[in-house]
Amino acid sequence: MKRALLFLFLSVSLCYAQSLKQKLDPIFDQLNVQPNEPGYAAVVLKNGKPVYQRTAGLRDLKARKPITPTTDFRLASCSKQFTAMAVMLLVHDGKLRYHETMTEIYPEFPLYVRKITIQNLLNHTSGLLDYEDLMDAPENKSNNWSRTHQITDAEVQALLKAAGEKPDGSGRWKFAPGTEWAYSNTGYVMLGNIVAKVSGMSFPKFLQKRIFAPLQMTHTVAYVRGKNKVPERAYGYSRGKVPDGPAATTLGWVDTDQSSTSATLGDGGIYSNLEDLAKWDEALANHTLLSADEMKPALSPFKLPNGQFPKWSGDSGDEDPQHGRPVQYGFGWFVDPLPNTTDGPATASSTIALPTAGVAGHPRMWHYGDTSGFKSTIMRFPHDGVTIIILTNRTDIDPAGLAERVAQIY
């Protein structure tokens, strides 16, 4: 009897997997990734177990090494969920408070940060200036940052400190803390610095000790050039003119693995792979690191003083797919529900369709990453026990849009 039940279970599971493969394969087939190109790694998890997995392309065009489930990709802004968790663990330890201000931690900072709290940094309501804008300021041009001379977390902090206050004594920020919302890499770099200062250890070491090692994420690192290595590292590429092509006009894959901002950590410096991120997903589902109650602040979206959700703001040339749309953001996670429909192919030439109305009963916590040579997404549907992870080392694939298409079919 037991053998019969086991055989029946295995048969049903096999049929289910085959059915899912038939539905999802066409989505990935449309990407048309060739074996000699950069590619992607994707997995669909159901209650922590992979029910669909697919990889394509090369992680290193020079070494001709293929992408596998253990290939490490730069997570870019998907790193922010780990930075947020590090901060929350220090709150759990009683070493930080969400309403603690930056000047309590950095008394030497100008008074313009005196009202900015840890919570403001976590949910992008600090109003801090973008550090990339500060890098481009005339007084900072002499630093000559580049892909080989990259800005560090300490230098970002120095730029903020040097910005000081305006002559009239008002704050040098985009807006008063907590009054508006603006996506802030600056805020997450500072959170990484705060974790290091409060814990007494480097940010990469804290992540390793409190998150990666306990969860046995043995291939996940916050990468610091010259201090650690990325196992089975994927290198990032973009389509462009190949310098050594005929007449320097041959279109092909250009190495865009690093940029002047690739050395910062808290906002996007973590590398990981499908297998390790499945362990991260399991830990979130089982509340391994923090209890369900302790996770609630991370999943509670910020609202404006008028009770409305903010909209993604930027200049008229902002190419972010969420530009102008309502934003629901907690601590290191977007927490808006799954959109009703997703239109268009999952390529960089299209935008992610993110209507305000979501499918009832399908709340999600998710993030996407987009940096030089890499794009990524981690999309969790906790009530459904479903997680979709897509990592790429090329910039012409839209992982978040792809994950939404997978979710709609799934």
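The values are calculated or read from the model by the stated rules, or taken from the named source; none is laboratory data. Keep in mind it's a predicted model, so treat the numbers as computed, not measured. Ideal geometry is used to build each Cβ from the backbone, glycine not excepted, and the neighbour counts take in all protein chains shown.
Name the residue, out of Lys141, Lys115, that is of a type in the set (D, E, K, R) and closer than 23 Å to Pro305 by Cβ.
Answer to the selection: Lys115.
Which residue out of Lys62, Lys141 is among the charged types (D, E, K, R) and touching a helix residue (DSSP H, G or I) at 6+ places or on another chain (Cβ under 9 Å)?
Checking each option against the conditions leaves just Lys141.
Here are Arg233, Arg239: which of them is surrounded by 12 or more Cβ atoms within 10 Å (Cβ to Cβ), in contact (Cβ under 8 Å) with a residue 12 or more places away in the chain and touching a Leu at 6+ places or on another chain (Cβ under 9 Å)? Before the answer, list the steps.
Details: Arg233 fails: touching a Leu at 6+ places or on another chain (Cβ under 9 Å).
Just one listed residue meets the conditions, Arg239.
Only one of Leu20, Leu6 is in contact with a strand residue (DSSP E or B) (Cβ under 6 Å, 6 or more places away or on another chain), at pLDDT below 95 and not basic (Lys, Arg); which?
On the way: Leu6 fails: in contact with a strand residue (DSSP E or B) (Cβ under 6 Å, 6 or more places away or on another chain).
The match here is Leu20.
Within segment 213-235, how many residues turn out to be assigned to a loop (DSSP other than H, G, I, E, B) and within 15 Å of Ser262 (Cβ to Cβ)?
9
Under 8 Å between Cβ atoms, which residue pairs at least 6 apart in sequence (or on different chains) link something in segment 303-322 that is closer than 15 Å to Gly178 by Cβ and assigned by TED's automatic domain parsing to the domain that holds Asp370 with a partner that is modelled with pLDDT under 70 and loosely packed, with under 14 Cβ neighbours inside 10 Å?
Cβ pairs passing all conditions: none.
Is one or more of the residues making up segment 192-213 modelled with pLDDT under 95 and either assigned by TED's automatic domain parsing to the domain that holds Pro310 or closer than 25 Å to Phe331 by Cα (or both)? Even if it seems obvious, please write down each step before you answer.
Step one: of segment 192-213, the residues modelled with pLDDT under 95 are none.
Within segment 192-213, none of the residues are modelled with pLDDT under 95 and either assigned by TED's automatic domain parsing to the domain that holds Pro310 or closer than 25 Å to Phe331 by Cα (or both).
Between residues in segment 243-268 that are modelled with pLDDT of 95 or more and among the charged types (D, E, K, R) and residues that are crowded, with 18+ Cβ neighbours inside 10 Å and not in a loop (DSSP other than H, G, I, E, B), which pairs lie under 6 Å by C-beta distance while being six or more apart or on different chains?
Every condition considered, the pairs that remain are Asp267/Asn185; Asp267/Tyr188; Asp267/Val189.
Test Gln150 against the criterion of being farther than 30 Å from Val254 by Cα and either at pLDDT 95 or above or surrounded by fewer than 17 Cβ atoms within 10 Å (Cβ to Cβ) (or both), and give yes or no.
no
Do we find that His99 is surrounded by fewer than 16 Cβ atoms within 10 Å (Cβ to Cβ) and closer than 22 Å to Phe331 by Cβ in this structure? Break it down stepwise before answering.
Details: surrounded by fewer than 16 Cβ atoms within 10 Å (Cβ to Cβ): yes; closer than 22 Å to Phe331 by Cβ: yes.
Considered against the rule, which asks whether it is surrounded by fewer than 16 Cβ atoms within 10 Å (Cβ to Cβ) and closer than 22 Å to Phe331 by Cβ, His99 comes out as yes.
If a residue must be over 12 Å from Ile194 (Cβ atoms), in contact with a Phe, Trp or Tyr (Cβ under 8 Å, 6 or more places away or on another chain) and among the small types (Gly, Ala, Ser), how many such residues does segment 85-118 contain?
The number of residues fulfilling the criteria is 0.
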